[in-house]
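Below you'll find the structure, written out as C-alpha cells, and then a few comments.
The values are calculated or read from the model by the stated rules, or taken from the named source; none is laboratory data. Predicted, not measured: the structure shown is a model, and the values here were computed from it. Reconstructed Cβ throughout: ideal geometry from the backbone, glycine too, with neighbour counts over all protein chains shown. Side chains included, ligands, DNA and RNA excluded: accessible areas come from the protein's heavy atoms. Shrake-Rupley method; radii C 1.70, N 1.55, O 1.52, S 1.80 Å.
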Amino acid sequence: MRILLSLLLLAGCVNVVDDRRDDDDAGDDDDATDDDDATDDDDATDDDDVGSGVREALLDALEAGDAEAIDAAFAEAALAGMPLPGDRFLFATWWPDAPGSVSLVGDFNGWDTAASPAAGPVAGGWYWATPAAIAAPGTSKYKWFSADVYRAPPDATAYGWDENGRHGWVSPPADVAWFEQFPWSSAHLETPRAIRSRLPAGFLPGSAAAADARTLLMHDGQNVADPDAIWGGWAVDATLDAGGYDDVVLLAVDNAPDRFDAYTHVPDDFGSGLTGGRADDLMALVTTEALPFFRSRYGVAAEGDSLMVAGSSLGGLVALYGALTAPDLQGCVGALSPTLGWGAFAADGTQALANQWTARLSVAVYLDSGGGVDGSCVDTDGDGVTEDSADTDNYCTTVQLRDTLAAAGYEFDVDLAHWHEPGAPHNEAAWRDRFFRALAHCESAGWARAR
C-alpha cells in the first residue's frame, strides 16, 4: 500500500518555536525521572513540598549569572512548580529578545508595569522577580511585560486562558479548572517535549476525590486545548465541561519533531526512505515516566477502567498500538482518523494494525473518520490492507480495523463503536466536533471512577 494522505504530514504537527524556554520545548539536560522533587510531591500547592533548596539554588544561580547553574536549577524548579513560593514568590523567565526592560505584571499589582521590575538580563536572556508578598496567589494571574508587549509566561507551571489570551497562575486556582505543564527529557526518546495536565475546579492533589478521578490521556498534547494550536486545537476542555465530565483529569504528552518515529510501530516508507518504528519507546515514556509522574503529583490512579487514551491521525495509530500491546493499561481507547495504513505503504502489510489485532481484548475501542467515500475500499496491491485515497481521511483502513475487531468478537455498542462523518476533513477542527462521541462510547463501555 503506497498511498499516503497528504494531510498526514500536517495533522497534529509539532509547534516549533525559536525559544529554548517555550512551553513546547523541554530543552533541559536533566532526566525528569532522576528528580526526587518531581516524584515525591503529592501536593502541587504545598509550599513545604517545593523545598527551599530548589528556590535558593535557582535564585543563587540567577544572581551569579551562571548559565549552566541556571539551566540545572531551572530544570528542577520547573518540575517542582513555577513560580517558586517562599517569603516571596520567585518568578523567572528566559526572554533573550525582550524589546526593552522587563517587569512582572498581574492581579497582585494591578497590572502596573512599573510595580515589579525584573532583574536581569543575565546569561544571555534570563530575568527574575521577587515581588512583595502576594495575598491571594490562587486568584492571581500574571504575565511578563516589556515595551508594550504582554508576554504569556512560558515558564508558568499553572496556566489558563481568558479574554486577553494565555496567562500564568501564581498558584493553582480553587474555583476554576486550570492547566499545568512540565518540561520532560526522557530516557527513551532523545527529543525533549512537554507533558501537561488539566485539573478540574476544586481539585486537590492527594485527596480521596483525586484517587477516585477518571483520567483521559491524549497524544499530541499541545493541540488538545490551546486555542492557538493548529486549526484551533481540539478544545477538549470545552468538550469535557459541556459533557458534564467534572471529575476527569486530562493528561497529555506533547509531540515533538520526532513525531513520525515516535508515533509509529514499524518502519515504513511514504516516499522519502524508511522512517518510524519507535512507538515502543514512546509507550515506555508514557508508562514508566509520564504516568508515574502524574500519579505521584496528583494522586490519581490513571490505569485500568479509570483511564481512557485517545489520539488522532498518527496519534490515533499510536493510541491503538498502545491498547493492542498493553490492553490492561486503559479501559478504553479512542482513535479519530487513525493512520492505519502505516506498515503497508511500502511494506507487505503484515504489520499493519488491521492484520495484527486478531483477538478480543479487555480494552474497548472507539473508531471514526471523515472523508468522502465512493464505495471502492479495495486492496489493490494485495498487501492485506485496503487503500485510502487522499480524500477519504483514512476511512477505508478504519473500516477494515472495525470489521477485523468485530470478527474477533468485539460487540458494537458494547466494547466497539464506529462513526463516519461524510466529507469531514483531516484536521483538529473536525476531531474537536466528533470527540464527544468517543467520550460517550468509552463511558458506556465502562470508563469509570477508580473506586
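Structure summary
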item	result
Sulfur and carbon atoms: percent of accessible area, the chain [1.4 Å]	49
Column: log10 I(q)/I(0), Debye, Cα scatterers of the chain, q = 0.06, 0.14 Å⁻¹	-0.26, -1.24
Alpha-carbon centroids, the stretch 180-209 and the stretch 409-451: separation in whole Å	24
Square roots of 5 times each gyration tensor eigenvalue, C-alpha, the stretch 55-200, largest first, Å	22, 20, 15
Computed helical MRE - 222 nm, the chain, DSSP H runs ≥ 4 contributing -39500 (n - 2.57), nearest 500	-7000 deg cm²/dmol
Estimated dipole of the stretch 323-414 in Debye, rounded to 20 [Cβ of Lys and Arg +1, of Asp and Glu -1, Cα centre]	360
Virtual paramagnetic centre 7 Å along Cα→Cβ of VAL378, amide N under 14 Å, in the stretch 386-416	386-389
14 Å beta-carbon shell around PRO327, net charge (K/R +1, D/E -1)	-3
Computed Kirkwood radius, in angstrom, where 1/r is averaged over Cα pairs of the stretch 172-274	15.4
Dipole magnitude of the chain, debye to nearest 20 (Cβ charges: Lys/Arg +1, Asp/Glu -1, about Cα centre)	1040
Per residue convex hull volume, Cα atoms of the stretch 316-369, in Å³	66
Degrees separating the helix 67-80 axis from the principal Cα axis of the chain, which is the longest one	70
